[in-house]
Each structure stands twice: as structure tokens, then as C-alpha cells.
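Worksheet for the structure shown next.
The values are calculated or read from the model by the stated rules, or taken from the named source; none is laboratory data. From a predicted model like this one, the values you see are computed outputs, not experimental measurements. Note that we place each Cβ from the backbone using ideal geometry, even for glycine, and neighbour counts take in every protein chain shown. Just the protein is used for accessible areas: all its heavy atoms, side chains included, with ligands, DNA and RNA removed. Shrake-Rupley method; radii C 1.70, N 1.55, O 1.52, S 1.80 Å.
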Amino acid sequence: MTFAKNLRCKECGIDYPLEKRTACDECFGAVGVIYDYKAACKTFTAAEINKREKSIWRYRELLPVHEIKNQVDFHAGFTPLRKCKGLGKLFGLKNLYLKDDTTNPTGSFKDRPVTIAVSKALEWGYSTVGCASTGNLAGATSAAAAKAGLDCNVFVPSQLDDGKIIPTLVYGANIIAIDGTYDQINRIANLVAEKKDWALVNINVRPYYVEGSKQLHSRFVNSWIGNSQII
Ligand SMILES: *Cc1c(COP(=O)(O)O)cnc(C)c1O
Ligand SMILES: [Zn+2]
């Protein structure tokens, strides 16, 4: 169950269905997911959330994936808050905490947005996902794809260090190494994805991908820390 209603253009405000779309037809502005917060507030309470498993999907009402069977979970999130005394002193803060997202399964916060993007690809019936990346996003996408049982193709710069690409290989993704700048690789990835009908998490599934990042935005985290919730 989700309270996601539609996509809305961030520039001109036109609404679109929750479809595979990244830009507005009228003004080429970026589109974002809109929720029915009023309806969500009635059933989506702290007491209810506390009863649920410690997974990103305990917040499923405010994430844009409809059915539980498509909600891929490779255990992103619930990373620790670390008290940083020395750094706090530097800023004159007594209680400075940093959220340690390096403890995510592939070692970066990318595991959060990828969880949502790959779930959306599964919901839409895609058999292949991927991304354009210099390493971090490639590792996260290949891990989520492995969990979801989808094929994964990642586009990376050919000069990438081995250390940056080994995690991706471990999860069994295909690597497409391209001589070029990151911008050029992004453009090629986009063209290939359109031709092959692949869902690329940071390109053609991007409005849904960013919904996974919002958990780290301060407003969202603060509202839950008030209830001893750490996402
Ligand atoms: C993280 C990210 C990338 C790629 O990051 P890498 O560190 O190069 O893997 C690309 N696009 C978006 C939108 C991202 O969030
Ligand atoms: Zn618009």
C-alpha cells in the first residue's frame, strides 16, 4: 500500500500518472512523486511503524511501490548514528552525530535509492536494470538486481580502478566500459537503455530513485528521531 498519487512537474506543476517519465512534456522540467499526506496521516502512525520489521519498507506508505511482492530488500538503511566529539568541538556543538551510511550492504548510501528504483523496475516487469556510474552506484545497483533476480548492466568509465569495480563483478553484473567522460557515458547509457528497454536507476527511473534518498534528508530523519526512530 502506498499513498503515492502521481508525478508532478517541479517547474510548471502539471500532473502525470506514476509512469516511467523523467521530464515534463510541456516545459522539460524534472518530475517528482506526490503523496496524499492527509490520507497517510490517518493510518501511518508511529505505533504502527514500530510494530514493523526494521527495513526501509516499514515506511512503504511514503514510498512509491505498490505491492509488497515487488519491494526488494537487500537490507539498506538502519545505519548507526555516531557521536563525533572532536568534530562537534570544532563547531561548538555538544551533541553532534553523523549517520554512518558506510555500513550499508555495499558501503554507500546508494543502497537506499537503488532499493526503490529496482523495486519499481520489478513492478513494471523489466528483466534488466542498470546505471551509469564511477563505481558506487554500480555496486549498489548490481546488489539490488541480484536480490531481485534481474539482469544488470552497468556503464562505467574504462579508466576505473579495479577496487571500484570488483564489488559489481561479485554481484554478477555485466560491465560496459566506455572511453569517455561521465557525461558522455550517461548519454550513451540513455540511448542504449531506450533501444533495449532497460531500466537505468539514475536515468529513466530517476524520479523513483530519488524517493529512496529522501530518507536521509534532515526533515524526514528529524521527525523520526523525535520518536526514537533511526532509519
Ligand atoms: C550517485 C549517483 C550517480 C553515480 O555515482 P557514482 O559514485 O559515480 O557511482 C549518478 N547519478 C545519480 C543521480 C546519483 O545519485
Ligand atoms: Zn512542466
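Here residue 75 sits with roughly 130 square angstrom of accessible surface, probe radius 1.4 Å.
Computed extension length for residue 197-residue 134: 20.4 nm, one decimal, from 0.36 nm per residue of separation with the Cα-Cα distance subtracted.
The residue among 44, 92, 75 whose Cα reaches farthest toward the positive pole of the charge dipole of the chain, with charges on the beta-carbon of Lys, Arg, Asp and Glu, is 92.
For the chain, what is the calculated [θ] at 222 nm in deg cm²/dmol (nearest 500), taking -39500 (n - 2.57) for each run of four or more DSSP H residues and dividing by its residue count? Theoretical 222 nm ellipticity from helices: -10500 deg cm²/dmol. Count Lys and Arg as plus one, Asp and Glu as minus one, and take only other residues whose Cβ is under 10 Å from that of residue 139; the net charge is then +1.
Stokes-Einstein diffusion coefficient for the chain at 4 °C in a medium of 1.567 mPa s, Rh from the Kirkwood formula over Cα pairs: what value in µm²/s?
My calculation gives 69 µm²/s for D.
Compute the FRET efficiency between residue 147 and residue 94 as 1/(1 + (r/R0)^6), taking r as their Cβ-Cβ distance and R0 = 30 Å, and round to the nearest 0.05. After rounding to 0.05, the efficiency reads 0.15.
Taking all protein chains as present, what is the carbon and sulfur share of the accessible area of segment 4-77, in % to the nearest whole number, probe 1.4 Å? Don't skip to the answer; put the middle values down first.
Values: 2110 of 4130 Å².
Result for segment 4-77: 51 percent of the exposed heavy-atom area is carbon or sulfur.
Per residue, the chain exposes 52 Å² of accessible surface when a 1.4 Å probe is rolled over the protein heavy atoms with every protein chain present.
Along the chain, the exposed loop sites are GluC sites (Glu not before Pro) outside DSSP states H, G, I, E and B with at most 16 other Cβ atoms within 10 Å, and the longest stretch free of them is 68-231. A cut-off under 13 angstrom between Cβ atoms defines the neighbours of residue 80, and their net charge, with Lys, Arg +1 and Asp, Glu -1, is +2.
Computed over the chain with a Gaussian network model linking Cα atoms closer than 10 Å, the most mobile of 130, 212, 180 is 180.
Note on segment 4-77: Cα-Cα pairs beyond 20 Å make up 43% of the total pair count. The residues 109, 78, sorted by heavy-atom accessible surface at 1.4 Å with ligands and nucleic acids left out, run 109, 78 from largest to smallest.
Measuring only protein heavy atoms, the 1.4 Å probe finds residue 151 accessible over about 100 Å². Beta bridges per DSSP, both residues in segment 78-220: antiparallel share near 20 percent. Within the full protein context, the accessible area of residue 206 is estimated at about 130 Å² for a probe radius of 1.4 Å.
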